[in-house]
Amino acid sequence: MKVLLIGEFSKVHNNLQYGLEQLGVTVDTINTGDGFKKFSSDIKQFQIAKDKKYDFIRNFYSKCLYEYIHRKYDVVQFIHELELGEKYGLERNLGARLAKNARLSVLLQAGCNWQYFKYAKKKMGISPCEECLKYDAKNKRGCPVAHDTVARKTTYQLQKSVDVIVPMAYEYFICSQYSPFAEKIVSPIGLPIDLESIVSDGHPRKKKLLVYHPLNREGFKGTVMIKKAFRILNQKYSDIAEFIIKGKMSYQEYSALMKEADIIVDQKNGTSFGITSLEAMAGGKIVLTGNYRKNILVKEYEYLKEAPAFELGTTVEEMVNNIADVLDKREEFNHLAKKGRIFVEQHHDSIKVAQQFLDLYEKNLCCPGTYTNKQCK
């Protein structure tokens, strides 16, 4: 079996590649590095200038890329609906054509898409979209997921063309049910974490604690409020803790800072855990994030309630109080660190996650079109 993983969000596909390769699967990745994070990619330089004068290059390269992928891989997997096409100066329906003609095509629900934008607030009561539009996109036109007609058509076409849709987090699991192709959705699979590259060395290691918020998308993560909370906390607790907000750097630089931190303040607007929170727990860090786990009622995600993460809060006052409460729990850090590592080992180990994907691939290659695998023996 040969697998191609298209696109990258926060090392999800890189981690999955590692797990699959440990199971003996041949895997290639194709991505642009996820911007400033600079993740690795086996197939590079597939982004083309989007100027119309380059249309002949766009069409020629899209055709070559299609033929290469179509002939070489058994499984083609997309991390997002917009990971191939006009976003990269390629032919708009390239992803849909690949998905339709591949032996098996898989689409992950691992990032914000049209269904998430439309239903997250309605169905779960919390969403980052309002602040994302205000601070990250700057205006409604800055978010293709929300308001770009071409992007919405591309999303529809890819969901229509793939064989299988896999939710990767609670929020996307809930919102994906409102896809017009919901019959393709299979049981959710957890985000993969490469535990071999993350060491948990216990806490506290030093007298002064380092509280770190990784800066990425200020609106999406709620950084605007977190900055205000950190300023208040720094006035009250500067003798025992240092508060740092830093980001938009390579994954290597980010990992070095994560390793030095004791407490990770992740994101305000969410229910389940993103890669940052999971990597932090794997590294023995104490995590505060927007995990409204008490609201989870579906059995597939009941396990999230086992994690030793703390609620961040939705207002500056709540954030200040909740982070202050965690600072007072310093004597519990070692116990919480061990518990967090165990949680990630049990539910998000990249090799265990890769085995779930491998089972999915094998069953659907064996029985094409049987999305739930009920007929596959």
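The values are calculated or read from the model by the stated rules, or taken from the named source; none is laboratory data. It should be emphasised that the depicted structure is a prediction, and the values quoted were computed from it without experimental measurement. Backbone-built Cβ (ideal geometry, glycine too); neighbour counts: all protein chains shown. For accessibility, only protein heavy atoms count, side chains too; no ligands or nucleic acids. Shrake-Rupley method; radii C 1.70, N 1.55, O 1.52, S 1.80 Å.
Points to keep in mind about this one:
- Out of VAL298, VAL287, one residue alone is farther than 13 Å from LEU215 by Cα, of a type in the set (A, V, I, L, M, F, W, C) and modelled with pLDDT under 95. It is VAL298.
- Applying the set (1) surrounded by 21 or more Cβ atoms within 10 Å (Cβ to Cβ); (2) part of a strand (DSSP E or B); (3) not aliphatic (A, V, I, L, M) to GLN17 leaves exactly one unmet item: (2).
- Among the residues of segment 257-283, those identified as more than 18 Å from LYS208 (Cβ to Cβ) and without any contact (Cβ under 8 Å) to a residue 60 or more places away in the chain are ASP266, SER277.
- Among residues of segment 20-45, those that are surrounded by fewer than 16 Cβ atoms within 10 Å (Cβ to Cβ), under 19 Å from ASP74 (Cα atoms) and either modelled with pLDDT of 90 or more or of a type in the set (Phe, Trp, Tyr) (or both), counted: 5
- Verdict on GLY290 being small (Gly, Ala, Ser), closer than 19 Å to MET168 by Cα and either open to solvent by less than 10 Å² (accessible area, probe 1.4 Å) or without any contact (Cβ under 8 Å) to a residue 12 or more places away in the chain (or both): yes
- Any hit, segment 335-346, residues being among the basic types (Lys, Arg), free of Cβ contacts under 8 Å to residues at least 12 places away in the same chain and surrounded by fewer than 19 Cβ atoms within 10 Å (Cβ to Cβ): no
- The residue pairs whose first member lies in segment 1-25 and is farther than 16 Å from GLY35 by Cβ and of a type in the set (Gly, Ala, Ser), whose second member is open to solvent by 10 Å² or more (accessible area, probe 1.4 Å) and assigned to a helix (DSSP H, G or I), and whose beta carbons are closer than 6 Å, counting only pairs six or more residues apart or on different chains, are GLY19/ILE351.
- Meets criteria (assigned to a helix (DSSP H, G or I) and either surrounded by 14 or more Cβ atoms within 10 Å (Cβ to Cβ) or at pLDDT 85 or above (or both)) for HIS70: yes
- Scanning segment 298-331 for residues that are of a type in the set (S, T, N, Q), part of a helix (DSSP H, G or I) and out of contact with any strand residue (DSSP E or B) (no Cβ under 8 Å at 6 or more places or on another chain) gives a single hit, ASN321.
So that you can scan it fast, the table gives a plain yes or no per residue for (1) modelled with pLDDT of 95 or more; (2) open to solvent by less than 10 Å² (accessible area, probe 1.4 Å); (3) in contact with a Pro (Cβ under 7 Å, 6 or more places away or on another chain); (4) within 25 Å of GLN17 (Cβ to Cβ):
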residue: PRO192; (1), (2), (3), (4): yes, yes, no, yes
residue: ASP201; (1), (2), (3), (4): no, no, no, no
residue: VAL211; (1), (2), (3), (4): yes, yes, no, no
residue: ASN216; (1), (2), (3), (4): no, no, no, yes
residue: GLU242; (1), (2), (3), (4): yes, no, no, no
residue: LYS259; (1), (2), (3), (4): no, no, no, yes
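- Evaluation of LYS363 against the conditions (1) assigned to a loop (DSSP other than H, G, I, E, B); (2) farther than 29 Å from PRO128 by Cβ shows that the sole unmet condition is (1).
- Filter result (buried (at least 23 other Cβ atoms within 10 Å of the Cβ) and not in a helix (DSSP H, G or I)) within segment 5-14: LEU5, ILE6, GLY7, GLU8, LYS11
- Failed criterion for GLY274 (all others in (1) at pLDDT 95 or above; (2) buried (at least 19 other Cβ atoms within 10 Å of the Cβ) hold): (1)
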